[in-house]
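One structure is given here, and the rest of the page talks about it.
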């Protein structure tokens, strides 16, 4: 049942990959990159990174059900030599032997707090390495100031507004959920149905921003 849930959600989530692709296009090409995907979930962006870079990826997330699904995808796509999974919080993990060429944080900072999360991440990026952060649109000027005050350069930012979120994600998700006949499977989508209802009540709150950052530390 969990697998069916993630298949439906992930298929809709792929509608947003074009924006990750845009963010990736802003940074220079990196050969044999070492990449960290923070808060990887069930791994839609993780597999996209594997398709677009020739190096290795560490994917970290404490949510067992989601990351178990990513494990299945890695096996299905023969990517076990390229993607390593860590099932715990970033704040409980020591990466003292790692410095990453690129870190992707899709929604992670919105969960742990932008400042705390960002200050943790920049310690893990190589000098002249890159961060791609996808976060809530609130307090954007404050976030930009924090980034620039920590010896980082913002190469670009771009916004995903409420229309993008509807057209490229929630519309698909609503159609998929309403077509489900299995009550147990339908019950797994209570959180997503709540999100869709919140969207319909006030879509202006559904905005997010990509930050493409170079680290000079």
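As a proxy for reagent exposure, 124, 102 were ordered by neighbouring Cβ count within 10 angstrom, fewest first; the result is 124, 102.
Under the criterion of Cα pairs below 8 Å and six or more residues apart, the relative contact order for the range 2-215 equals 23 percent. Beta bridges assigned by DSSP with both partners in the chain are antiparallel in approximately 45 percent of cases.
The smallest convex shape that holds all Cα atoms of the range 68-140, its convex hull, gives 121 Å³ per residue. Helix content alone sets the calculated 222 nm mean residue ellipticity of the chain: runs of n ≥ 4 DSSP H residues at -39500 (n - 2.57) each, divided across all residues, give -12500 deg cm²/dmol.
Once you have all Cα-Cα distances for the range 137-206, histogram them in 5 Å bins from zero and send the whole-percent values. Per 5 Å bin, starting at zero, the Cα-Cα P(r) for the range 137-206 comes out as 3, 13, 19, 16, 12, 12, 10, 8, 5, 3, 0 percent.
Extension gain, residue 186-residue 217: 0.36 nm per intervening residue step, less the Cα-Cα distance, totals 6.4 nm. Please say if the range 1-117 is rounded, prolate or oblate, where rounded means a/c under 1.5 for a ≥ b ≥ c the square roots of the C-alpha gyration tensor eigenvalues, and otherwise the choice is prolate for a/b larger than b/c and oblate otherwise? Rounded, because the longest to shortest axis ratio a/c is under 1.5. Extension gain for residue 1-residue 204 works out to 69.8 nm (0.36 nm per residue, less the C-alpha to C-alpha distance). On the beta carbon distance between residue 116 and residue 78, with R0 = 45 Å, the FRET formula returns roughly 0.80. Express in whole angstrom the spacing between the alpha-carbon centres of the range 25-91 and the range 165-184. The range 25-91 and the range 165-184 have Cα centres separated by 25 Å.
Throughout, read-outs are computed from the coordinates displayed, never taken from laboratory work. Model, not experiment: these values are computed from the prediction. Neighbour counts are summed over all protein chains in view; Cβ atoms, including those assigned to glycine, are modelled from backbone coordinates with ideal geometry.
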